[in-house]
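Presented below is the structure to which this report refers.
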Amino acid sequence: MTAASAPERTVLVDRFGRRARDLRISLTQACTLRCRYCMPAEGLPIMPREELLSTAEVVRLVDVAVDALGITELRLTGGEPLVRRDLEALIGEIRARHRDLPIALTTNGLGLARRAAGLAAAGLTRVNVSMDTVDEDRFAAVTRRDRLPDVIAGIDAAAAAGLVPVKVNAVALRETLDGAPDLLRWCLDRGLSLRFIEAMPLDAEGTWTEDAYVTAADVLAVLGAHFELEPVGREDAGAPAERWRVDGGPGTVGVIASMSRSFCGACDRTRITAEGRVRPCLFSDDEIDLRAILRSGGDDAALADAWRAVTWRKSPGHLPAEILSHPRRSMGAIGG
Ligand code: SAM
Ligand code: SF4
């Protein structure tokens, strides 16, 4: 085998020996919020429906991923995946074909109160809800929408529907940092698992700067002034969140240091954008168009080969924060 050719294997591996097991599929780039670190105020351009992968196309790609490429975990994301009306049908179809596959959803929580029970019944395993603050005014300022009560209703409904553990994701931001202890207390009181994530230069407006982003160390310093934090390590070797036990437990808090302590060396993810392009790395614009293969009648082997080829070329990791430039796609256009 030469360094230039992808191996004939039934798994997804790259030149550096990393194996992708965790598939994230973006179902849309439309969204009901306009988080400043992700979307422009006017939202991303509306994609004509025929550009998006259909329910059947998503199901087919999941089949290939699981049956031919050894994917063991699926996450549905976006944009906002709850914008897709076929979400329950899609999950039901995937569940019928893959009984034991963990299927998770990353959502902003809007509309989840109405749909959580149906999603659970369709076969969804669990949800991550993104919520950066429990302060209504700050929530409205960060997301450009005054919808915090709807997000909270969504979290409550997800827990009631058994979509557990419900994890709350918060991007660490200057404007919400002093509210981090309130958010952690709120999550601990409800038995929810909270993770803070360092903002990455994946905002659509290109405003992220190396000097301005809040680091994991900043978050821990603020939390440490209110709680006793004891390190308990990662959930497993590939898990991005480092965790701390809070005030002797049982609650924990996680911090994902995507920028200051990059974990690219342990990356086990592969992503598909809403229009069906495999993107092995968030920060690299190298992609392969699976939708074109699907729509030109390509068989499963052709899909798997293309997927393996682009994975083989995956970059070793992102550049250090001080020289990293914004990739062509923003987070909402990739699927976080
Ligand atoms: N709309 C859904 C949501 O917000 O959960 C799913 C898509 S969103 C792109 C997925 C995750 O990416 C969210 O937790 C969000 O906070 C995170 N995210 C978006 N932009 C980010 C950025 N520039 N840096 C770090 N995380 C970001
Ligand atoms: Fe929408 Fe999620 Fe991006 Fe916020 S982070 S704008 S909710 S896609």
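The values are calculated or read from the model by the stated rules, or taken from the named source; none is laboratory data. Not measured: the values here are computed from a predicted model. Positions of Cβ are backbone-derived with ideal geometry, glycine not excepted, and every protein chain shown enters the neighbour counts. When the accessible area is computed, the model is the full protein with side chains, heavy atoms only, and any ligands, DNA or RNA have been set aside. Shrake-Rupley method; radii C 1.70, N 1.55, O 1.52, S 1.80 Å.
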Practice prompt. Check off (1) in a loop (DSSP other than H, G, I, E, B); (2) more than 16 Å from ligand 2 (Cβ to nearest atom); (3) open to solvent by less than 30 Å² (accessible area, probe 1.4 Å); (4) over 30 Å from Ser296 (Cα atoms) for Asp100 and give me the number that stays unchecked.
Written response: (3)
Worksheet, complete the sentence: Sole miss for Ala306 among (1) surrounded by 20 or more Cβ atoms within 10 Å (Cβ to Cβ); (2) over 30 Å from Arg190 (Cβ atoms); (3) modelled with pLDDT of 95 or more; (4) not polar (S, T, N, Q) is condition (1)
Fill in: Meets criteria (touching a residue at least 40 places away in the same chain (Cβ under 8 Å) and under 17 Å from the mean Cα position of the chain (by Cα)) for Ser260
no
Fill in: In the range 193-219, the residues that are without any contact (Cβ under 8 Å) to a residue 60 or more places away in the chain and surrounded by 21 or more Cβ atoms within 10 Å (Cβ to Cβ)
Val214, Ala216, Val219
Discussion item. Can you go through Arg99, Arg115, Arg138 and tell me which one is over 18 Å from Ala274 (Cβ atoms), at pLDDT 95 or above and in contact with a Gly (Cβ under 8 Å, 6 or more places away or on another chain)?
Written reply: Arg138
Discussion item. Tell me yes or no: at least one residue of the range 150-169 is touching a strand residue (DSSP E or B) at 6+ places or on another chain (Cβ under 7 Å) and open to solvent by 30 Å² or more (accessible area, probe 1.4 Å).
Written reply: yes
Worksheet item: From the list Pro231, Pro280, which one is away from ligand 1 (no atom under 15 Å from the Cβ) and in contact (Cβ under 8 Å) with a residue 24 or more places away in the chain?
Response: Pro280
Item to complete: Take Glu88 and decide whether it is over 18 Å from the mean Cα position of the chain (by Cα) and in contact (Cβ under 8 Å) with a residue 24 or more places away in the chain.
Response: yes
Worksheet item: Scanning the range 127-149 for residues that are within 13 Å of ligand 1 (Cβ to nearest atom) and part of a helix (DSSP H, G or I), which turns out surrounded by the most Cβ atoms within 10 Å (Cβ to Cβ)?
Response: Thr143
Discussion item. I want to confirm something. Restricting to the range 26-46 and keeping residues that are over 20 Å from Arg271 (Cβ atoms) and hydrophobic (A, V, I, L, M, F, W, C), which single residue is most open to solvent (accessible area, probe 1.4 Å)?
Written reply: Ile46
